């Protein structure tokens, strides 16, 4: 089996994995406007995600109150003593103000809410701690797959936004889509995924409303969907091995078409974002990027004049190859 690294589209702060089917809008005639443009996202959790549990010295021995109270990595802390926790600072302040008393927490684990009781302890400098490292937000750059102009909808990434350390799906609180520009590329090589490097170029242009296994989805503000020709979305059984094109942006803001091959069909599971195997054949993309790089996630793949899918992953031991998710599975009519 080939070892893989997930193509971390939001390469500043994100890994991937997920398990929720998307529910998106689509044009009635099953056609959309092709993407390929880079975008930035500012993602804020619904609560704070526990990414590590760590013991600390309380003056006599090492303790981890969070672990002792039943907290686990990937838990999402929603409330502390009845107060909503939205940021890392909220949690730090709640622990600091507890006075050494037992605290009640509401957490989310695998989609279920649980209650936990934890008593923070002092470290050697007198600060009350839980022994939990948490994350409340992330930011990065990815690629739009398609737009639906009827309702100003977009689909992007081809996979979910997940924590870079744990790989767990990040709970969506609020997230903004912003315009972005690619300024440079770092080539992929055997054993290492490269990246598209860029920066945000403006204010919010849209809002992310869903974070799912097969992509992120949301609305574009002010009827500002880019102009472009419509393209029909292929059914899964229309995808074949052979020549195809990937539409992506490796310079600036304008996408270009590059050649690739679909070399294998893996599965027709709509909950799996590794539905077919791709291999970059375009010499320009091989020279510039070494194949597939982080930031290309969501780049649309076209075959026989139809949108068949989007780039999702790169094979770590051969970055010329990767996986694609079927476009049909990024859309529910």
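Strictly greater than 20 Å: what percent of every Cα pair in the range 43-197 meets that?
Working: 6868 of 11935 pairs.
I get 58 percent for the Cα pairs in the range 43-197 exceeding 20 Å.
In deg cm²/dmol, rounded to 500, what helix-only [θ] at 222 nm does the chain give when every DSSP H run of at least 4 residues adds -39500 (n - 2.57) and the total is split over its residues?
On the way: 3 runs with 20 residues, N = 333.
About -1500 deg cm²/dmol.
Classify the range 128-277 as rounded, prolate or oblate, taking a ≥ b ≥ c as the square roots of the eigenvalues of its Cα gyration tensor: rounded when a/c is under 1.5, otherwise prolate if a/b is larger than b/c and oblate if not. Write down the numbers at each step before the final one.
Details: a/c = 1.44, a/b = 1.24, b/c = 1.17.
Rounded, since a/c falls under 1.5.
What shape does the range 209-304 have by the C-alpha gyration tensor, where a ≥ b ≥ c are the square roots of the eigenvalues, rounded means a/c under 1.5, and otherwise prolate means a/b greater than b/c and oblate the rest?
Working: a/c = 1.58, a/b = 1.11, b/c = 1.42.
Since a/c reaches 1.5 but b/c is at least a/b, the shape of the range 209-304 is classed as oblate.
If I model a spin label at residue 122 and residue 223 as a point 7 Å from the Cα along the Cα→Cβ vector, what separation in nanometres do I get?
With each label point 7 Å from Cα toward Cβ, the separation is 6.4 nm.
Measuring from centroid to centroid over Cα atoms, what is the spacing of the range 134-201 and the range 53-88 in Å?
29
Can you give the FRET efficiency for residue 93 and residue 192, using 1/(1 + (r/R0)^6), R0 = 51 Å, r = Cβ-Cβ distance, to the nearest 0.05?
On the way: r = 40 Å, r/R0 = 0.78.
Calculated transfer efficiency: 0.80.
Can you give the FRET efficiency to the nearest 0.05 for residue 113 and residue 261, using r as the Cβ-Cβ distance and R₀ = 45 Å?
After rounding to 0.05, the efficiency reads 0.45.
Which FRET efficiency value, to the nearest 0.05, is calculated for residue 243 and residue 42 with the Förster distance at 45 angstrom and r the Cβ-Cβ distance?
With R0 = 45 Å, the Cβ-Cβ based efficiency is 0.75.
Beyond 17 Å, what share of the Cα-Cα pairs of the range 101-170 remains, rounded to the nearest whole percent?
So the pairs more than 17 Å apart make up 67 percent of the total in the range 101-170.
Pairs of alpha-carbon atoms within less than 8 angstrom and 6+ residues apart define the contacts here; what relative contact order does the chain have, in percent?
Details: 1015 pairs, mean separation 83.8, N = 333.
That works out to 25 percent.
Shape of the range 186-251 from its Cα gyration tensor (a ≥ b ≥ c, root eigenvalues): rounded if a/c is under 1.5, otherwise prolate when a/b > b/c, or oblate?
Verdict is oblate for the range 186-251.
Across 5 Å bins from the origin, how do the percents of Cα pairs in the range 271-317 run, short distances first?
Result, from short to long distances: 5, 18, 29, 28, 14, 5, 1 percent.
Measuring from label point to label point, each 7 Å out along Cα→Cβ, what is the residue 317 to residue 286 span in nm?
Distance between label points: 2.0 nm.
Provide the three semi-axes, in whole Å and in decreasing order, of the ellipsoid equivalent to the chain as defined by the square roots of 5 times the Cα gyration tensor eigenvalues.
Calculated on Cα positions only, the semi-axes equal 40, 21, 18 Å.
Pairs of Cα atoms under 8 Å, at least six residues apart: use those to get the relative contact order of the range 100-178, whole percent.
Working: 72 pairs, mean separation 11.3, N = 79.
Over the range 100-178, the number comes to 14 percent.
Values quoted throughout were computed directly from the atomic coordinates according to the rules given, and no laboratory measurement underlies them. In this text the structure is predicted, and so the values were computed from the model without any measurement. Neighbour counts are summed over all protein chains in view; Cβ atoms, including those assigned to glycine, are modelled from backbone coordinates with ideal geometry.
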